[in-house]
Structure formats: structure tokens, C-alpha cells
Amino acid sequence: MKIFKLFLSLFLVCSFTTIPAQQNEVVIKTIQVSNSVYMLVGQGGNIGVSVGDDGVFVIDDQFARLTPKILDAIKELSDKPIQYVVNTHFHGDHTGGNANMEKVGAKIIAHDNVYKRLSEGKTTEGLPVITFNDKLSVHINGELVLVFHTDNAHTDGDAMLYFTESNVLHTGDNYFYKRYPYIDVNSGGSIDGYINAVKKALMVIDENTKIIPGHGNLSNKAEYASFLEMLTLLRTNVQAEIDKGKTEDDIVNNTAITKQYDNLNYSWNFINSEKIRRTIYLSLTKN
Ligand SMILES: [Zn+2]
């Protein structure tokens, strides 16, 4: 009995002392989405990976410090080289690994405005070498991948990607799974553009499409449609308050605007309900 207790206490001590280390250590989780497309979840934006005869095609690359782990996870799926990395937008949790990816031979593809914003930064490494304005078709691993821009949505340089044979959509940050979205109004994002981006994507996909959101769980069309309902309702509610002559502070403090979705836990540490009310207000009153 005493020995058992000793073991038990040793076990507890060991588990408690190892918990902090485990929390700091990011593990890259691989989820198979179709025959050839995978989703990698680590820290930052969800990564999409297509593998096949042509090589590896990657969507977003999280943070530079995670590259070795991301490359290990990709090696489990294919021993072919990484041909291309598409950036869905310029934010650091989606483009931080660009320079490392370039070093292993990948060509970076992104919207023109991603090139513009990244090249304004300090580094010249890992910049996109292929940029596009409206849309781009990539023929790789036996399928057509449609890369399409959506105006002033999450930022001013968003791309969404649709794998036409695999029937997989990667939304970039134009979808936060069951959370209030980050709309980067200071970098050209807007609530109306964001709503239009979701509508555009919903027109491309069908009931069987698998959706890799920018952040959060693998999803589907029905869930993306309910995310659109949330955006539309919040926009309507904020606009109604603006029409009544309410100020920014009034709207930020008015919890009734978001109550329905606050109750569903859409509020999270980065975008809480105050922040989403303020963002929508700022977006609607910008011009
Ligand atoms: Zn983002």
C-alpha cells in the first residue's frame, strides 16, 4: 500500500512537472482530408498539403520556428520536394516559414498585395516569386487548383483555394471555425468584403466539400453557411445601431448586438465580443 502511494505521488509529481513543457511544445497534427490533400494543425493558420506525382504543394507555413516540425510532418506524407507554397495572406502566422520553405526549394505564390506588404518588411527572404491579381490556376497532382482573390475581406490580399477533384476548400482567414473572425481593417479588410468572400466560396463548393478554415476544425458547407449567418446578423445589428445615431462606445458596450453568438461561445481571447462589435462598427463607418 505504502509503495503504491509512493508510486502514485511520484506519478503525480512527474505529470505535474512535465505539463508545462508539453504545453510549450507545439505538436504538428496531420489530418487526411481527401486521397491527396491533408490539413496540418500546429500553431497559427491551418496548413493545407497536396501530395502526388508532381511533388508537394503547400498552403501557408505558420511560424519560422515550426518549419523543422512542419517539414517532418510533410515527409511522412511524401518524399518528393516541396514545389510551391501559396500564402493565403500576409499575416505572420501564415507566412512566417516562407524563408525556410524557399531554402528547401519551394516557390512562394501569393496575391500582389501580399508581395507588397511582405516586401515592405525588413527581410527580402521568402518573398513570393509568382503573384496574381484576380485568380490563378495551378495544375498539380492530377487536379486543377483554383486560387482566387476576394476583395478587402480579411485583408486586402486574400486568396482562397479550391481543389476541384479532391473537393477541398482552403479559406485562409476568411473562416474562423465557430469563432468571431479577425477582420484586419487596418490592412484593407472589411466586414462587407468578408461577407462577400464567404458568399463567393459557398458558390464554388457543394455539400460534400471539406473545408480547411484558417483557424479551427475541419468543416463543411453547412457550417460555413451558418458562419455566414452569424456575420450577416452582426452586420445588420451594428448597422441598425449606427442608423439610430449610436456612437462607437455605445456599440462596443451593447452586448445585445452579439448576445446570440456570445451564448454559443464565438467570443475568444483574441476576438472577444467587444472587439468584433468595434471592428464591424469601424468597418461600416470607415468611408
Ligand atoms: Zn490572418
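The values are calculated or read from the model by the stated rules, or taken from the named source; none is laboratory data. No experiment lies behind these values; they were computed from the predicted model shown. No Cβ is skipped: glycine too gets one built from the backbone with ideal geometry, and neighbour counts run over all protein chains shown.
Just a few scattered comments:
- Per the conditions (1) surrounded by 15 or more Cβ atoms within 10 Å (Cβ to Cβ); (2) in contact with a Leu (Cβ under 7 Å, 6 or more places away or on another chain); (3) over 20 Å from Thr285 (Cα atoms); (4) not basic (Lys, Arg), the sole criterion not satisfied by Gly216 is (2).
- Residues in segment 181-198 that are near the ligand (Cβ under 10 Å from one of its atoms) and of a type outside the set (A, V, I, L, M): Pro181, Tyr182, Asp184, Ser187, Gly189.
- In segment 73-110, of all residues being within 15 Å of the ligand (Cβ to nearest atom) and among the hydrophobic types (A, V, I, L, M, F, W, C), the one that is farthest from the chain's Cα centre (by Cα) corresponds to Ala110.
- Restricting segment 154-180 to residues that are within 16 Å of the ligand (Cβ to nearest atom) and β-branched (Val, Ile, Thr), the residue that is farthest from Ile276 (Cα to Cα): Thr171
- The combined condition, being in contact with a Pro (Cβ under 9 Å, 6 or more places away or on another chain) and among the β-branched types (Val, Ile, Thr), is fulfilled by Thr171.
Yes/no per residue for (1) under 23 Å from Ser34 (Cβ atoms); (2) surrounded by 20 or more Cβ atoms within 10 Å (Cβ to Cβ); (3) out of contact with any Phe, Trp or Tyr (no Cβ under 7 Å at 6 or more places or on another chain); (4) at pLDDT below 95:
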| site | (1), (2), (3), (4) |
| --- | --- |
| Gly121 | no, no, yes, yes |
| Glu125 | no, no, yes, yes |
| Ile130 | no, no, yes, no |
| Leu136 | yes, no, yes, no |
| Val145 | yes, yes, no, no |
| Asp151 | no, no, yes, no |
| Leu169 | yes, yes, no, no |
| Gly172 | yes, yes, yes, no |
| Arg179 | no, yes, no, no |
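- Listed by first and then second residue, the pairs with beta-carbon distance under 6 Å, at least 6 apart or on different chains, first residue in segment 125-139 and farther than 12 Å from Met160 by Cα and touching a residue at least 12 places away in the same chain (Cβ under 8 Å), second surrounded by fewer than 13 Cβ atoms within 10 Å (Cβ to Cβ) and among the hydroxyl-bearing types (Ser, Thr, Tyr), are Leu127/Ser119.
- Residue tally, condition surrounded by fewer than 21 Cβ atoms within 10 Å (Cβ to Cβ) and either assigned to a loop (DSSP other than H, G, I, E, B) or modelled with pLDDT under 95 (or both), over segment 59-85: 7
- Selected residue [within 29 Å of Ile31 (Cβ to Cβ), part of a helix (DSSP H, G or I) and either out of contact with any His (no Cβ under 8 Å at 6 or more places or on another chain) or basic (Lys, Arg) (or both)] from Tyr194, Tyr261: Tyr261
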